[in-house]
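Okay, handing you the structure first.
The values are calculated or read from the model by the stated rules, or taken from the named source; none is laboratory data. Nothing here was measured: the structure is a model prediction, and the numbers come from that model. Positions of Cβ are backbone-derived with ideal geometry, glycine not excepted, and every protein chain shown enters the neighbour counts. Protein only, heavy atoms only, side chains kept; ligands, DNA and RNA dropped before computing areas. Shrake-Rupley method; radii C 1.70, N 1.55, O 1.52, S 1.80 Å.
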Amino acid sequence: MATPAARGFTGLLFALVLAILTPLWAGAPPAAAESSVSTIAQALREDPVYVDPAAAGQLSPAEEGSLEKKIEGADKPVFVAVLPADQPTENLFSDVRTATGVTGLYAIRLGDSFDARADQEVLSNAAVRNLVTSVRGESDTAVQLDDFTDRALANMGGSAPASWSPSDGDGVSTAALITAGAVLAAGGAGAYTLVRRNRMRHAQEQRAALEKLRVVVDEDITAFGEELDRLDFHPAEPGADDAMRADYEHALDSYEQAKSLMAAATRPEDVRAVTQALEDGRFSLARLAARRAGTPLPERRPPCFFDPRHGPSVTDAAWAPPGGAAREVPVCAADRTRLADGRDPVVREVDTDYGRRPYWEAGPAYGPWAGGYFGGGILPGLLIGTMLGGMMATPAYGSDYGSGYGDFGGYEGGDVSGADFDTGDFGDFGGGGGDFGGGGDFGGGF
């Protein structure tokens, strides 16, 4: 029986062969498509944009070529399909994603409608929804797809799949196969050693990053538990109703969930789920406080940028980091008053090699922590010009910590994962049969 190391080396060698030969096979005559989904997927594995012949009037060859050039030039895994209005929508995104087998952002223009889905490693669900909403009113296909692509490329992680590499010739010669095999056999042992060393280094960095995060997250969990203790709410107290009790129970559940998730965390990216739970619990407490006071319920907003322990923000205010450009950040009521009075906000500081510093100056390990609170959709804009934002935008961050804001490891954008992906990222928003919204309504559910 083969050892795990031998199986790992065999898998590595096969992956390297596939990576080298895929560009050559891309030029071979395509096999007959089994279904429309197969046709779309086969085309997207070779080029980032597919235009169905029945929808050719929506995007000219020149416009298609320009969009492909933009995506390939950015080296990002953006897949765009232009389909006729009568294309069946049930499970369309998940089926195309499964058939294509590559992690990335998938955008589909179907007739006059538009929607998109993405693997979380590439772009968060919130970010995808925000991007789709920002272009949904545009009627011109080329303009809509260009605008969506431009905005997506500025926010997403990952890199283009190797199968988009240009091929030479119309087929694969036996000599090419033999030569490629010989080269890989000669360099396989060295490649395995290098990969193994890099994996060990990456695992050590992950453990160190997780321990840094554990201190900060434990502080957050403790602070939330203290908020629950100070609340002095009793489900049976006079005036308590079912809505209040539901908010209170949800807050308690979020507290227990955060503790459980942190105890089970083994990688830095696991922390994002913890801070998501804490953010959700604090919003429940804000709703409970409003119900008890008889005031309007708060709208769902991100937590205070300066310290998420302050709770949900109440507005956006202008702020600039030292030497950086001003931007609008979500702030709590107390920090709004401080900024209006010309005072400094109360900032969340963490331990660094240089003493206590604001979390946005503490290094890339805090990406998952911030990503859980703020989500990938708004985080890039908030962190522009800060140390954390600058590090997370570099190729080194994507290599060492994974692509996207708060993602460490797993399949990165452009990797071949086959059917190994979270179908929830490509599912319905609002239920029903089709994954373009409720009941198959393309564009619904947002």
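Go through the range 271-306 residue by residue and tally those that are open to solvent by 10 Å² or more (accessible area, probe 1.4 Å) and in a loop (DSSP other than H, G, I, E, B).
Here the count works out to 9.
On to the next question. Having 3 or more residues that are at pLDDT 55 or above and among the aromatic types (Phe, Trp, Tyr) is the bar; report the helices (runs of 4 or more DSSP H) wholly within the range 332-416 that clear it.
Filter on the range 332-416 gives 367-383.
Hey, another quick one. Of the residues that sit in the range 147-165 and are surrounded by fewer than 16 Cβ atoms within 10 Å (Cβ to Cβ) and not in a helix (DSSP H, G or I), which one is modelled with the highest pLDDT?
Within the range 147-165, the match that is modelled with the highest pLDDT is 154.
Filtering the range 112-128 down to residues that are in contact with a Phe, Trp or Tyr (Cβ under 8 Å, 6 or more places away or on another chain) and modelled with pLDDT of 85 or more, which residue is surrounded by the fewest Cβ atoms within 10 Å (Cβ to Cβ)?
The qualifying residue surrounded by the fewest Cβ atoms within 10 Å (Cβ to Cβ) is 113.
Six or more apart or on different chains, Cβ atoms under 8 Å: show the pairs whose first residue is in the range 325-343 and closer than 13 Å to residue 305 by Cβ and whose second is in a strand (DSSP E or B) and open to solvent by 70 Å² or more (accessible area, probe 1.4 Å).
If the second residue must be in a strand (DSSP E or B) and open to solvent by 70 Å² or more (accessible area, probe 1.4 Å), the pairs left are 328/316; 329/316; 330/316; 331/316.
Is there a residue in the range 67-77 that is within 16 Å of residue 51 (Cα to Cα), without any contact (Cβ under 8 Å) to a residue 12 or more places away in the chain and not aliphatic (A, V, I, L, M)?
Yes.
Right, next: Looking at the structure I just gave you, is residue 136 under 20 Å from residue 55 (Cα atoms) and among the basic types (Lys, Arg)?
It is true that residue 136 is under 20 Å from residue 55 (Cα atoms) and among the basic types (Lys, Arg).
If we keep just the residues of the range 328-355 that are open to solvent by less than 40 Å² (accessible area, probe 1.4 Å) and of a type in the set (D, E, K, R), which is farthest from residue 214 (Cα to Cα)?
335
Could I ask something else about it? I need the full set of residues from the range 129-146 which are open to solvent by 30 Å² or more (accessible area, probe 1.4 Å) and either among the aromatic types (Phe, Trp, Tyr) or more than 19 Å from the chain's Cα centre (by Cα) (or both), in order please.
Residues satisfying the conditions are 136, 137, 138, 139, 140, 143, 146.
Limited to the range 209-246, what total is found for residues that are farther than 29 Å from residue 357 by Cα, in contact with a helix residue (DSSP H, G or I) (Cβ under 6 Å, 6 or more places away or on another chain) and surrounded by 14 or more Cβ atoms within 10 Å (Cβ to Cβ)?
Of the residues in the range 209-246, 2 are farther than 29 Å from residue 357 by Cα, in contact with a helix residue (DSSP H, G or I) (Cβ under 6 Å, 6 or more places away or on another chain) and surrounded by 14 or more Cβ atoms within 10 Å (Cβ to Cβ).
Would the range 42-56 turn up any residue that is at pLDDT below 90, under 26 Å from residue 87 (Cα atoms) and surrounded by fewer than 17 Cβ atoms within 10 Å (Cβ to Cβ)?
no
Can you name the residue in the range 190-208 that is more than 30 Å from residue 353 (Cβ to Cβ) and open to solvent by 60 Å² or more (accessible area, probe 1.4 Å) and is also modelled with the lowest pLDDT among such residues?
Only one residue tops the list, namely 192.
For residue 263, are the conditions met, namely being outside any strand (DSSP E or B), surrounded by fewer than 16 Cβ atoms within 10 Å (Cβ to Cβ) and under 24 Å from the mean Cα position of the chain (by Cα)?
yes
While we're looking at this one, here's another question. Residue under question is residue 243, and the condition is that it be assigned to a helix (DSSP H, G or I), modelled with pLDDT of 85 or more and more than 30 Å from residue 263 (Cβ to Cβ); does it hold?
yes
Does residue 105 qualify as being in contact with a strand residue (DSSP E or B) (Cβ under 6 Å, 6 or more places away or on another chain) and modelled with pLDDT under 95?
So residue 105 fits the description; yes.
Restricting attention to the range 52-79, report how many residues are under 15 Å from residue 140 (Cα atoms), in contact with a strand residue (DSSP E or B) (Cβ under 6 Å, 6 or more places away or on another chain) and not polar (S, T, N, Q).
Residues meeting the conditions: 4.
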